[in-house]
Amino acid sequence: MRLCFVLALAGAMSAAHASFELMILPNASSSVLTRWDPVSRVNLGTIGEQGGSSVMSVNQMATGNIAATSSVGTVLYEPYSGTYQGSQPLPSTLCSIDPNHATLYEAFGQFVYRYNGTTGASISNLSTGLNIYGIIGVTSTRAFVYGTNASGDLVARGVDFSTSTLSAQTTIVAAASVASPNLIGMGAVSVNATSGGFAVKFTYRNSLNLNYLNVMNYNSSMALTSFSSTAISGFGTGALCVISGHLGYYVVGDDAASSTVTRLTRYGTDNVILGSSTTSSVDVPSYRWSGANILAPEPGPFVAMGLGLAALIVRRRRKD
């Protein structure tokens with residue numbers, strides 16, 4: 001009987017950790033953040049935003065706290081309890097953190113700023129020579145920026161703060177095929193199964209009002225080696241955001257049927273759609289925004305831990 005109980009406990013441990021992604025998303029109707037489980041598709045409640053203004057960016061820091069950035073600065077929270085952890089004046093616009101959660105990058109006008117993730121103190125900045133509408137941190141010293149040039153083309157280039165250099169500016173989409181720059185979405189970096197490396201992804205809307213997903217591969221010099229754009233369906237007219245996942249990434253935004261319904265489309269590491277879902281319990285903003293996905297360990301290790309614990313208890317029971 002005791003063995004059965006132990007094995008049941010092990011199974012319960014693994015099941016309790018079956019959902020290992022926790023999205024923190026800005027809420028369109030109020031200055032709060034929504035905690036959304038994209039695996040179980042459950043709304044886990046909200047976190048109050050102390051600044052009293054709309055959140056533009058959410059990033060997970062190395063400390064485990066999340067940084068909610070609005071026009072009045074950045075507020076820190078513990079994501080599970082929602083406990084307020086303090087605030088700092090910078091950054092105050094759209095920003096992105098590197099995959100190791102150590103460095104925040106902020107895009108503002110034609111400049112890119114790099115911040116210490118703990119204090120928010122500015123370390124350095126670089127003029128990029130383009131109107132920036134998105135930034136994606138790829139290492140603690142490197143980021144990709146994208147936006148429009150003087151001709152209105154959608155362009156991208158790498159920024160290396162360790163050497164204070166910029167990679168060549170690459171045209172992604174000609175101006176005639178780009179809708180309002182304000183509809184260029186915030187992106188993310190994730191594994192690319194084809195190349196074995198990493199790729200940056202972001203969305204934009206073309207002149208026919210169709211949403212597109214852009215995937216850019218790059219080399220060690222931060223130069224783009226290839227890029228491609230693919231039409232994506234099901235989304236409405238609001239700005240979309242790409243959010244990293246465990247095995248791939250998500251595109252999140254308002255649903256085509258209703259601006260108050262949120263659609264989440266999941267992609268694998270090979271950029272193939274794995275599924276889509278909608279929810280009316282999460283209402284993401286129509287303006288440009290970014291969200292965070294807190295990635296817990298894979299469920300597999302918890303299963304192994306549970307079975308290992310069961311084996312140890314049984315072994316001790318036999319010795320007794």
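The values are calculated or read from the model by the stated rules, or taken from the named source; none is laboratory data. Since the structure is predicted, the reported quantities are computational estimates derived from the model, not experimental observations. FYI the Cβ positions are ideal-geometry reconstructions off the backbone, even for glycines, and counts take in every protein chain you see. When the accessible area is computed, the model is the full protein with side chains, heavy atoms only, and any ligands, DNA or RNA have been set aside. Shrake-Rupley method; radii C 1.70, N 1.55, O 1.52, S 1.80 Å.
What to note about this one:
- Exposure ranking of Ser290, Ser162, Ser229 by accessible area [1.4 Å probe, largest first]: Ser162, Ser229, Ser290
- Percentage of interatomic Cα-Cα distances in segment 233-273 larger than 14 Å: 42 percent
- Net charge dipole size for segment 106-259 [Lys, Arg +1 and Asp, Glu -1 on Cβ; Debye, nearest 20]: 200 debye
- Across the alpha-carbon set of segment 39-185, the Rg to Rh ratio works out to 1.01, Rh being the Kirkwood radius.
- Stretchable slack from Asn182 to Val39, in nm (0.36 nm times residue separation minus alpha-carbon distance): 48.5 nm
- The overall shape of segment 156-207 is oblate: from the C-alpha gyration tensor, with semi-axes ordered a ≥ b ≥ c, the ratio a/c is 1.5 or greater and a/b is no larger than b/c.
- Charge context of Gly197, other residues only, Cβ under 14 angstrom, K/R +1, D/E -1: +1
- Binning the alpha carbon pair distances of segment 159-244 at 5 angstrom intervals from zero yields the distribution 3, 13, 22, 23, 19, 13, 6, 1, 0, expressed in whole percent.
- Neighbour cut-off at most 16 other Cβ (10 Å), DSSP loop, chymotrypsin sites (Phe, Trp or Tyr not before Pro), segment 192-291: Tyr287
- Per-residue SASA remark: Ser233, around 100 Å² accessible (1.4 Å probe; ligands, DNA and RNA not included).
- Gyration tensor verdict on segment 54-103 (Cα atoms; rounded if a/c is under 1.5, prolate if a/b is larger than b/c, oblate otherwise): oblate
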